[in-house]
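Here the structure comes first, spelled out in structure tokens, and everything after it is commentary.
The values are calculated or read from the model by the stated rules, or taken from the named source; none is laboratory data. Quick caveat, the model's predicted, so the values are computed rather than measured. Note that each Cβ is placed from the backbone with ideal geometry, even for glycine, and that neighbours are counted across all protein chains shown. Quick note on the areas: whole protein, heavy atoms, side chains included, nothing else; ligands and nucleic acids left out. Shrake-Rupley method; radii C 1.70, N 1.55, O 1.52, S 1.80 Å.
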Amino acid sequence: MPQTTISLDHPIDFARWRTATRTLAGRHVPPDDIAWHVAPSGGPDAPTRDAPPFSIPRESMQLAADVLQSMLPDRFTLAYYLVYAHVTGTDIPPADLARMEAAAASVRAETARLRHGLFTLMQRTDGEGAWHATFDATTYAPECNARFITCQLSLAPWRLALPGRRMEWTGHALLHGHDGADAFPLAFNSLPPPAMPLVEGLDIARITALPAVALAARTCRICPMARHATRTVFGEGRSDARMMFVGEQPGDKEDLAGRPFVGPAGQLFDRALHEAGIDRDDAYVTNTVKHFKFRRSGARRIHEKAGPAEIANCAPWLAAERRIIRPQVLVMLGGTAASALLGRPVTIGRERSRAITLGDGATGVVTVHPSFLLRVPDEAARRREYDRFVADLRLAASLCAPARA
């Protein structure tokens, strides 16, 4: 007989399952001693008593998450068994493991079907209003892809009718309910991670809302660099900015803060903007690459230059920023940004301090990256280079059409 009962808020409550599993598996509680049941807001909190810490391979946790998205009646027990077996060094019965792998395969297949057919599936009345569709799901994969759907549809409201249940994004909240019952809020972070990374299958070029692009980019793990950095550092600023500034990549301070240009080079950049008469709050500031590339030297993280593969991997995010913002003037800070945006090798000394007509009608200006100024060893030379940098920023500002009243 089960000796421990765990109540979950909804049929795919990964958050409470994970909290309970950390404690129970850490205390080596056998799977057969646990009863899992769904009791919306009516059960006790999952146990959080101290237990020895442990780690689980990413692949095992993803398999557990995939199993939880199936509709197997004992899915919570099976997923728990994966963790318990790893912690205790026991073997999972082959028949149970086969059921898990089959369930996960169904979830992955349904995830792919939903993502790849989303724009065929979803409709809009007269091209306006909320998106809506019916999807013959056999798993809970649609719920776990709610964030993907929301990003892909640019945060616009949508409704999805599923067998026996429905799901809706109002533009502010995700709602979920069974047929004939009231819908209730469903927290994105309570759901199992989808069977595919959020950006896999995402048509970034069709996203029209900058916050949706930023939300998707924050989950990006396409290149190895993303797996070592603390977080994705997306651009920030006005979505209707007339000026867009593009640097190389976030540094150590930016990686920790999650914001571009906040370290020593960023502080120098802010001072130069002020002297040039540019309000950073009226501009958009970003980087060619969205993760910090570094090598370790003791406790320090030393910046390394982004390579062609990393620039190519991040190119869709930068292209989306540029497409949505449509700046009048695009300021390229350093050779990496200039080469990426102009599509050719760039020598700063030959290209800087002049207006360049870009293919989308914007005007480009190439200048140095603020970090270059920090590396000039001679004080007099550093002052001259700083003044020239401010002059480049003033040139960029002068190329903007007057703001509309």
With everything on Cα atoms, drop me the angle between helix 58-68 and the longest principal axis of the chain, reported from 0 to 90° to the nearest 10.
-> 50 degrees
Calculated on alpha-carbon atoms, Rg and Dmax of region 123-179 in Å | 10.8, 31
Magnitude of the Cβ-charge dipole (Lys and Arg +1, Asp and Glu -1) of the chain about the Cα centre, nearest 20 debye, reported as 1460 debye
Fraction of accessible area attributable to carbon and sulfur, the chain (%, probe 1.4 Å) = 52 percent
Which value in Å does the Kirkwood hydrodynamic radius of region 43-155 take, with 1/r averaged over all unlike C-alpha pairs and then inverted?
-> 16.4 Å
Measure nothing but the geometry: give the 0 to 90° angle between the long axis through the Cα atoms of 14-26 and the longest principal axis through the Cα atoms of the chain, rounded to 10°.
-> 70 degrees
Using a ≥ b ≥ c from the Cα gyration tensor of the chain (square roots of the eigenvalues), is it rounded, prolate or oblate, where a/c under 1.5 gives rounded and otherwise the larger of a/b and b/c decides, a/b for prolate?
-> prolate
Take the eigenvalues of the Cα gyration tensor for region 294-399, scale each by 5, and report the square roots as semi-axes in whole Å, largest first.
-> 24, 22, 11
3J(HN,Hα) from dihedral phi, region 154-166, Karplus parametrisation 6.51/-1.76/1.60, rounded to Hz, x for glycine, proline | 6, 6, 6, x, 8, 9, 9, 8, 10, x, x, 7, 8
Between the helical axis of 264-275 and the dominant principal axis of the chain, each derived from Cα atoms, what acute angle in degrees is found, rounded to the nearest 10?
-> 50 degrees
Averaged per residue, the 1.4 Å probe accessible area of region 107-207, protein heavy atoms only, in Å², is roughly 45 Å²
Compactness ratio of region 4-106: Cα Rg over 2.2 N^0.38 Å, N = residue count?
-> 1.00
Of 376, 402, 342, which is farthest on the positive side of the dipole of region 308-405, counting Cα position, with +1 on Lys and Arg Cβ, -1 on Asp and Glu Cβ, and the Cα centre as origin?
-> 402
Show that you can apply the helix-only estimate: for the chain, add -39,500 (n - 2.57) for every DSSP H stretch of four or more residues, divide by all residues, and state [θ] at 222 nm to the nearest 500.
-> -12000 deg cm²/dmol
